[in-house]
Amino acid sequence: MRDRAAVADAGPLIALARIGRWSLLPDVLGKVLVPEAVVSECVRDRSQPGAMAIQHALDNGLPVARRVERAPEWAALAQLLDLGEAEALTLAVAENLPVLMDERRGRGVALHLGVPVLGTGAVLIAAKQAGL
C-alpha cells in the first residue's frame, strides 16, 4: 500500500491520534499531506481527544500542512462536503494522490472523481501485515 504520498482528511487523523498510533501513517503511506482546513478541524479545540497529539505531530513536520488553492472545482465540492473534505479532495486531485478518508459521502465523491480512497481500517491492516 505504500504510496509516495497521500492526502488525509480529519477522521483518520483523529482516529489514529486517539489510539496512539500516529506513527503508522508515514510507515504505511509515506508522506502525508493535510489541507489547512483539515488541520484547523483537528486542532481547533485542544480539549478534544487526539488534538494535542495531532498538533505535536504537525509541529514536528508530520504530517505536512498544505494550503489549498480554491479553484472552481473546490466550490463545487464545498457544496457537497464539509470544508476539510472539499480541501482534501481538491488537493488529492491537484497532486494526483490517494486520499485517506473515512466519511461515506466524501469517499463516494472521491471515487466519482477517480481519486483512490484509503480508510483508517486499510492503514491498520497494512500496518498489521507489515508487522508494525
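The values are calculated or read from the model by the stated rules, or taken from the named source; none is laboratory data. It should be emphasised that the depicted structure is a prediction, and the values quoted were computed from it without experimental measurement. Every residue, glycine as well, gets a Cβ built from its backbone with ideal geometry; the counts of neighbours run over all protein chains shown.
List of remarks:
- Counting only residues that are loosely packed, with under 12 Cβ neighbours inside 10 Å and not charged (D, E, K, R), the stretch 50-61 holds 2 of them.
- Any hit, the stretch 45-65, residues being in contact with an Asp or Glu (Cβ under 9 Å, 6 or more places away or on another chain), within 13 Å of E95 (Cβ to Cβ) and not in a helix (DSSP H, G or I): no
- The residues of the stretch 31-52 that are of a type outside the set (K, R) and touching a Leu at 6+ places or on another chain (Cβ under 9 Å), listed by number, are V32, L33, V34, P35, A37, V38, V39, S40, E41, C42, V43, G50.
- Residue match in the stretch 92-105 (condition: within 17 Å of G30 (Cβ to Cβ), in contact with a Ser or Thr (Cβ under 8 Å, 6 or more places away or on another chain) and modelled with pLDDT of 90 or more): yes
- Residue that is within 14 Å of the chain's Cα centre (by Cα), farther than 21 Å from K128 by Cβ, surrounded by fewer than 20 Cβ atoms within 10 Å (Cβ to Cβ) and not polar (S, T, N, Q), where the choices are V38, V7, V64: V64
- Residue match in the stretch 37-44 (condition: in a loop (DSSP other than H, G, I, E, B) and either of a type in the set (K, R) or at pLDDT 90 or above (or both)): yes
- Across the stretch 92-104, the qualifying residues are those that are assigned to a helix (DSSP H, G or I) and among the aliphatic types (A, V, I, L, M), and the one among them that is surrounded by the most Cβ atoms within 10 Å (Cβ to Cβ) is A92.
- Residues of the stretch 1-41 that are in contact with a Pro (Cβ under 8 Å, 6 or more places away or on another chain) and of a type in the set (D, E): D3 alone.
- Number of residues in the stretch 105-130 that are among the charged types (D, E, K, R) and surrounded by 13 or more Cβ atoms within 10 Å (Cβ to Cβ) equals 1.
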